Amino acid sequence: MARKNGKDGNGAKDDKAEETRSQAPWSDHPPSFAGWARAAIAGSGTAPSLSPHLHLIPPPAAPGIVTVGPGQAFSLAAINPDATGGLDKAEAKAALDAQRARIRSLQEKLYAEHRRSLLVVFQAIDTGGKDGTIRNVLEGVNPQGCRVWSFKVPSPEELDQDFLWRYHRRTPGRGLIGVFNRSHYEDVLVVRVKGLVPEETWRERYGLINEFERLLTLSGCVILKFFLHISKDEQKERLEARLADPEKHWKFDPADLVERKSWDAYQTAFDDALTRCSTPYAPWHVVPANRKWARNVMVARTIADTLEAMDPRFPEPRKGLEGITVPD
């Protein structure tokens, strides 16, 4: 029997249609939109909005880290990769343990609050220490609330999309910490050095990356970007160490020696990316990374300080818990 305007052929009200409308926050929208709106309200207390009230200006980085000033020309050559930020190696383990404890505590609140997210980006030249930093700094973090993504050569499916597609689909959802081991910056670094796309293409990507990161920050995702800075001599020592230790042979790739020949070209590409893509809402932090123990503490403290500035809080408890008794 035909139904029109929520009534059946006898003029009776269509109860199912009315029920669907009554559940929607705005009754003049179709049920599909209402479902999206309900999910948004449940997740954050308001519908998602690209508005400045979600925009956190990141706190200062830990001592020893150099933050690239937005709009300022930057050169890695001016940064001493041996710097330790005044840290003492003998005290580094205790300092790292303290920062990791802060991260674990704040991550639990971020996950429970389910309102904002944190994206931590790591870039470095080969052997720069991305894997080691992630492993050491995030030790003990609840994996339920943390995702680590490593971006290698794009797959055929990824090459069929725009260059940001594979990164955007891996950004962290509410309550999560996301970690990029290499990132969207590969498309203005390795792509540039190897000449994989025309210059006008990779140059345009700086602006697109800034817009992408602004979209994320205005949607409630705080971005921390770390560039791990090592010297050419340090890279040589790390490559030789991999060759000398049979248990590290799996980490040695002869292609790294080819890439090493492009050291100067990569330094120029890094300088341009750091200069063009350090913004007030997503600045670049350059970490002196020759000394692994100092690097780990500096990164851990900066992550902990940023989470603290986000001020995540446990949700309000359900009412009436005081009178509940758990049965035997």
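Some observations on this one:
- Taking every residue in the range 125-139 that is surrounded by fewer than 21 Cβ atoms within 10 Å (Cβ to Cβ) and pairing it with any residue that is part of a helix (DSSP H, G or I) and among the polar types (S, T, N, Q), at least 6 positions away or on another chain, the pairs with Cβ-Cβ distances below 6 Å are Asn136/Asn296.
- Taken over the range 149-176, the residue count meeting the criterion of being among the aliphatic types (A, V, I, L, M) and surrounded by 12 or more Cβ atoms within 10 Å (Cβ to Cβ) is 2.
- Ser105, sole failed condition from (1) surrounded by 16 or more Cβ atoms within 10 Å (Cβ to Cβ); (2) over 21 Å from Lys292 (Cβ atoms): (1)
- Any chance Ala300 is within 19 Å of Val68 (Cα to Cα), within 27 Å of the chain's Cα centre (by Cα), outside any loop (DSSP other than H, G, I, E, B) and not aromatic (Phe, Trp, Tyr): yes
- Filter result for Arg295 (of a type in the set (D, E, K, R), touching a residue at least 40 places away in the same chain (Cβ under 8 Å), closer than 27 Å to Pro58 by Cβ and open to solvent by less than 10 Å² (accessible area, probe 1.4 Å)): yes
- With respect to being open to solvent by 10 Å² or more (accessible area, probe 1.4 Å) and more than 28 Å from Val141 (Cα to Cα), Asp256 fits the description.
- Selection of first residues in the range 241-266 that are hydroxyl-bearing (Ser, Thr, Tyr) and of second residues that are open to solvent by less than 50 Å² (accessible area, probe 1.4 Å) and in a helix (DSSP H, G or I), restricted to Cβ pairs under 6 Å at least 6 apart or on distinct chains, gives the following pairs, ordered by first then second residue: Ser262/Val193; Tyr266/Val193.
- In the range 187-216, the residues that are more than 15 Å from Ala282 (Cβ to Cβ) reach residues that are open to solvent by 20 Å² or more (accessible area, probe 1.4 Å) and β-branched (Val, Ile, Thr) with C-beta atoms within less than 7 angstrom, at least six apart or across chains, in these pairs: Val191/Val197.
The values are calculated or read from the model by the stated rules, or taken from the named source; none is laboratory data. Since the structure is predicted, the reported quantities are computational estimates derived from the model, not experimental observations. So basically every Cβ, Gly included, is an ideal-geometry build from the backbone, and we count neighbours across all protein chains shown. Accessible surface is based on the protein model in full, side chains and every heavy atom, while ligands, DNA and RNA are left aside. Shrake-Rupley method; radii C 1.70, N 1.55, O 1.52, S 1.80 Å.
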